[in-house]
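Colleague: Please read through the structure below; I'll follow up with questions.
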Amino acid sequence: AYNIHVNGVLHCRVRYSQLLGLHEQIKKEYGSNVVPTFPPKKIFTLTPAEVEQRREQLEKYMQAVRQHPLLGASELFNSFLRNAQQETQQIPTEEVALDICLSNGQKVTVNILTSDQTEDVLDAAATKLDLPDDLAGYFSLFLVREGMDENLTFVRKLQDFELPYISITSLQSSDYHIVLRKSYWDMAYDGDVMDNRVGLNLLYAQTVSDIERGWILVNKDQHRQLKSLQEKGSKKEFIHLGQTLKYYGYLKFDPCITDFPEKGCQVIVSAGNNELNFHVKLPNEQMKEGSFKVTRMRCWRVTSSQVPVSNGTSNPCNSSKCEVKLELAFEYLMSKDRLQWVTITSQQAIMMSTCLQSMVDELMVKKSGGSIKKMLRKRHNGSVHRSDSQQAVKSPPLLDSPDPNREQIVKLSTKLNSVSLRGISASNSANDISGDDFHGNYAFEGIGDDDL
C-alpha cells in the first residue's frame, strides 16, 4: 500500500490494485492515447529496489494525471481521491454539523454530509448566509491554525479533491478552523461583491479584521476616518477607504527566513496586488522593504527536505529527530538582463506558491478578456484549464510513515523534490523549463506489497 501526500499533508492510503482500477477507468473514459504510462503488474515478489522503483513510477503517474488539463480536473480522478480519503480515515457517510468561521470571528454552522466535497461545503455556507450562487465563486474555504494571541496562520486553501469535514477532523486539534475568505486579488472585483448585501458584509468583516490584525497599515488620521465610518455604519465607504490603504487585500504570512538581500535574513512576507512583499530585517538590524511582481518571475518551485532537529548533531533523520524543511524559490528578473533566484524558508511555502498561482490565473483570464466570475467558479470547481505556458504549480511531497512503530522508509523528500511553473513574463519560451522540472504534489511512500 502507499501513502499519498497532497500539499504536504497525508491525504489517503491506497493499494496498487486501487490505482490500477483508477487507471483502467481513466483509460476507458478518455482513451489510451491520453493516459500516462502505468507501472505494470509483476508475477513475482518485488525486491526492495523494485518496490522503490514502483513507488516512484506511481508517484510520477499521479503527478502526470493531475497536471493534465483534462484528467486532473476530471470528476473521475477527484472523486477517487475523495473516496480514498474517506476510506483511509474510516469515517462513514452521515449527516454532521460543521462550523465555518467568518473573518469577524462569527461562526456559521452548516449541516452537511461527511462525504461532501469542498464545493458542496462552500455552497452550503453560501446558502446559509444567503449569498447568491453567482457570488459564491468569489470566496473560498481556507484551513487556518489559531496560535498564540489569536494569530491566524493560513495553512492552505481547501481543494476540490478533499472532504473538508474529514480534512479538519483528521487533524485532531481544536487549533484548526475553516475560514471563509475572498479568493481573488484584484480589488476591482470588490464592486461585484459589494452590490450584494451579504457580499458587502463579508467583505466589510474581512477588511475590519485585516486592519485589527495589522495586516493593513493605518495611520492615526486614517484610523479616525475609519472609526467614524464604522460608527455611522457606512460599510461601502469604509471599504473604499480601506482600498486606499497599504496592503489592502494582502495575505500575511508568519515570520520566516530569506536569502535576499543576504542569507539568513528574517522576513515577513505578504501576498497581494500581484506581488510578494518583503519586510526584511538585515543582520545589522536594519529594516528594508521591497516587492517582487509575479509578472517578473520566470518560474518558481517549492522544495521539501527532511532535516535533523537542531540538537547539535548531523545524524540522519529518524522518526523522533527529524522535521520537514519547506522552501519557496523563484527566479526573478532583477533588471533587463539579470535573473536571480530568491529563496524563502517557511512552513507556509506551499500556501505562498498557491497564492502566486492564483494571481497568474487571474492575470491570464483578464489578459484574454475572459469572465472573472467564470474563472473564479472554475477555480473553485478545480477546473481551471491551463495551456502549456500556464502549467499549474504542483506542491511538494512530505513523506512519513503511517505507523509510528514501523521502521522508517527512505523518503523521496530526502532528495529535495522540486516543482516549477512557467511564469508569464515575455521572456518565456517553450525551452525555458525542461520537463524534468515538474515534480511534486502527489507523493507516494510504499508501506507494503500488493502484487498478488
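The values are calculated or read from the model by the stated rules, or taken from the named source; none is laboratory data. The structure presented is a predicted model; accordingly, all values stated were derived computationally and were not measured. With ideal geometry, Cβ positions are generated from the backbone for all residues, glycine too; neighbour counts draw on all protein chains shown. All accessible areas refer to the heavy atoms of the entire protein, side chains included, with ligands and DNA or RNA removed. Shrake-Rupley method; radii C 1.70, N 1.55, O 1.52, S 1.80 Å.
Colleague: Can you work out the FRET efficiency for the pair GLN286 and ALA188, with r the C-beta to C-beta distance and R0 = 30 Å, to the nearest 0.05? The partial results should precede the final answer.
Modeller: Numbers: r = 36 Å, r/R0 = 1.20.
Plugging the Cβ-Cβ distance into 1/(1 + (r/R0)^6) gives 0.25.
Colleague: For the range 222-316, which semi-axes, largest first and in whole Å, follow from the square roots of 5 times the eigenvalues of its Cα gyration tensor? Don't skip to the end; give the middle numbers.
Modeller: Details: eigenvalues 271, 55, 41 Å².
Computed over the range 222-316, the values are 37, 17, 14 Å.
Colleague: Here's something else I'd like to know. Sort THR109, THR343 by accessible area with a 1.4 Å probe, largest first.
Modeller: Working: THR109 55, THR343 30 Å².
From most exposed to least exposed: THR109, THR343.
Colleague: Where in the range 167-201 is the amide nitrogen less than 15 Å from a point lying 7 Å along the Cα-to-Cβ axis of LYS128?
Modeller: Answer for this model: 168-169, 177-181.
Colleague: How fast does the range 1-135 diffuse by Stokes-Einstein, in µm²/s, taking the Kirkwood radius from C-alpha pairs at 10 °C and 1.306 mPa s? Show your work: numbers first, answer last.
Modeller: Working: Rh = 17.4 Å.
It comes out at roughly 91 µm²/s.
Colleague: Want the number for LEU200 to ASP175: 0.36 nm per residue separation, take away the alpha-carbon distance, what's left? The partial results should precede the final answer.
Modeller: Numbers: separation 25, 0.36 × 25 = 9.00 nm, distance 2.82 nm.
Gain on extension, LEU200 to ASP175, equals 6.2 nm.
Colleague: Further question: So between SER32 and LEU76, what do we pick up on full extension, going 0.36 nm a residue minus the alpha carbon distance?
Modeller: Between SER32 and LEU76, full extension yields 14.3 nm more.
Colleague: Please report how far the C-alpha centroid of the range 57-121 lies from that of the range 224-281, rounded to the nearest whole angstrom.
Modeller: After rounding, the separation between the Cα centres reads 31 Å.
Colleague: Which number do you get for Rg(Cα) / (2.2 N^0.38 Å) in the range 163-226? Present the calculation step by step, with values, prior to reporting the outcome.
Modeller: On the way: Rg = 15.7 Å, N = 64, 2.2 N^0.38 = 10.7 Å.
After normalising by residue count via 2.2 N^0.38 Å, the value is 1.47.
Colleague: Determine, from the Cβ-Cβ distance of SER234 and ARG213 and an R0 of 22 Å, the FRET efficiency 1/(1 + (r/R0)^6), rounded to the nearest 0.05. Walk me through the intermediate numbers first.
Modeller: Working: r = 21 Å, r/R0 = 0.98.
It comes to 0.55.
Colleague: Something else: Mind ranking 173-185, 220-232 by how tightly packed they are, going by the mean number of other C-beta atoms within 10 angstrom, highest first?
Modeller: On the way: 173-185: 17.8, 220-232: 12.6.
Top to bottom by mean Cβ count within 10 Å: 173-185, 220-232.
Colleague: Over the range 1-54, what percent of the accessible surface lies on carbon and sulfur atoms, probe 1.4 Å? Could you put the intermediate results ahead of the total?
Modeller: Numbers: 1630 of 2940 Å².
Result for the range 1-54: 55 percent of the exposed heavy-atom area is carbon or sulfur.
Colleague: If the limit is 26 Å between Cα atoms, which of LYS293/LYS367; LYS107/LYS236; LYS28/LYS157; LYS107/LYS325 go over it? Each step should come with its number before you reach the end.
Modeller: Values: LYS293/LYS367 16 Å; LYS107/LYS236 23 Å; LYS28/LYS157 32 Å; LYS107/LYS325 33 Å.
Violating the 26 Å Cα-Cα cut-off are LYS28/LYS157; LYS107/LYS325.
Colleague: Sticking with this structure for a sec: On the protein heavy atoms, probe 1.4 angstrom, tell me the percent of accessible surface of the range 160-307 carried by carbon and sulfur. Working shown, then result.
Modeller: Values: 3170 of 6730 Å².
Looking at the range 160-307 in its full context, I get 47 percent from C and S.
Colleague: Give the accessible surface of the range 1-135 per residue, rounded to a whole number of Å², with probe radius 1.4 Å and ligands, DNA and RNA excluded.
Modeller: Details: 6550 Å² over 135 residues.
For the range 1-135, the per-residue accessible area is 49 Å².
Colleague: Within 11 Å, Cβ to Cβ, of LEU131, how many net charges do the neighbouring residues add up to if Lys/Arg are +1 and Asp/Glu are -1? Kindly include the intermediate steps, with their values, before the conclusion.
Modeller: Numbers: positive: LYS128, ARG197; negative: ASP123, ASP130, ASP133, ASP134.
Residues near LEU131 contribute -2 overall.
Colleague: Now for a different question. Could you give the length gained on full extension between GLU323 and GLN243, defined as 0.36 nm per residue of separation minus the Cα-Cα distance, in nm?
Modeller: Values: separation 80, 0.36 × 80 = 28.80 nm, distance 3.98 nm.
Difference between extended and current length: 24.8 nm.
Colleague: Classify the range 112-203: rounded, prolate or oblate, from the alpha-carbon gyration tensor (a ≥ b ≥ c, eigenvalue square roots; a/c under 1.5 rounded; otherwise prolate if a/b is larger than b/c)?
Modeller: Working: a/c = 2.17, a/b = 1.40, b/c = 1.55.
Oblate, since a/c reaches 1.5 and b/c is not below a/b.
Colleague: Right, another one. Grab the eigenvalues of the alpha-carbon gyration tensor for the range 57-149, scale each by 5, take roots, and send me the semi-axes largest first in whole angstrom.
Modeller: On the way: eigenvalues 154, 58, 48 Å².
Output for the range 57-149: semi-axes of 28, 17, 16 Å.
Colleague: Report the net charge of residues surrounding ASN78, where surrounding means a beta-carbon distance below 12 angstrom and charges are Lys +1, Arg +1, Asp -1, Glu -1. Write down the numbers at each step before the final one.
Modeller: Numbers: positive: ARG66, ARG82; negative: GLU75, GLU119, ASP160, GLU162.
Result for the local shell: -2.
Colleague: May I pose another question? How far apart, in nanometres, would the label points at ASP337 and LYS42 be if each is projected 7 angstrom from Cα along the Cα-to-Cβ direction?
Modeller: 5.3
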